[in-house]
1. With a 1.4 Å probe and every protein chain kept in, tell me what percent of the accessible surface of the chain is carbon plus sulfur.
2. In Å², what does the accessible area per residue of the chain work out to with a 1.4 Å probe?
3. Going by average Cβ neighbours within 10 Å, how do the peptides 49-61, 71-83, 29-41 rank, with the highest at the top?
4. Taking the Kirkwood radius as the inverse of the mean 1/r across Cα pairs, report the Rg/Rh of the chain.
Amino acid sequence: DLYDSRSGTHNMYKEYRDVTLNGAVDQMYLEMASRHRARKRSVYVIKAEAIGSGQCRRETTKTFHDEKLRFPKPHSAIKKSHRRYKTLYSATRPTTHSG
């Protein structure tokens with residue numbers, strides 16, 4: 001990345017995790033706008049490519065390389081077993097935790 005700020009032109013190296021390359025570039029534009037107040041017209045993407053896990057430099061990206069990493073779902077609403085039990089309105093909130 002190369003971006004123009006009020007004080008000059010700056011070079012940056014950024015890593016993003018996304019399913020597509022376009023999604024990663026969108027993340028970059030959003031982060032540059034939020035953290036550096038850089039407008040889209042002031043940011044120049046020099047190179048965007050998919051890299052392997054061994055080539056990652058940033059610790060925030062390396063944390064997701066663990067094979068045992070899990071994202072447990074602590075709350076989930078139980079689906080109704082039959083159509084006759086489904087109602088549009090309910091008197092109570094759904095129970096989303098088990099136990």
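1. Numbers: 4620 of 9220 Å².
Here it works out to 50 percent.
2. Working: 9220 Å² over 99 residues.
That works out to 93 Å² per residue.
3. Values: 49-61: 9.5, 71-83: 7.4, 29-41: 12.5.
By packing density, highest mean first, the sequence is 29-41, 49-61, 71-83.
4. Working: Rg = 21.9 Å, Rh = 17.9 Å.
Result: Rg/Rh = 1.22.
The values are calculated or read from the model by the stated rules, or taken from the named source; none is laboratory data. For clarity, every value in this text was computed on a predicted model and none was experimentally measured. Cβ atoms come from the backbone with ideal geometry, glycine included; neighbour counts cover every protein chain shown. These accessible areas exclude ligands, DNA and RNA; they are computed on the full protein's heavy atoms, side chains included. Shrake-Rupley method; radii C 1.70, N 1.55, O 1.52, S 1.80 Å.
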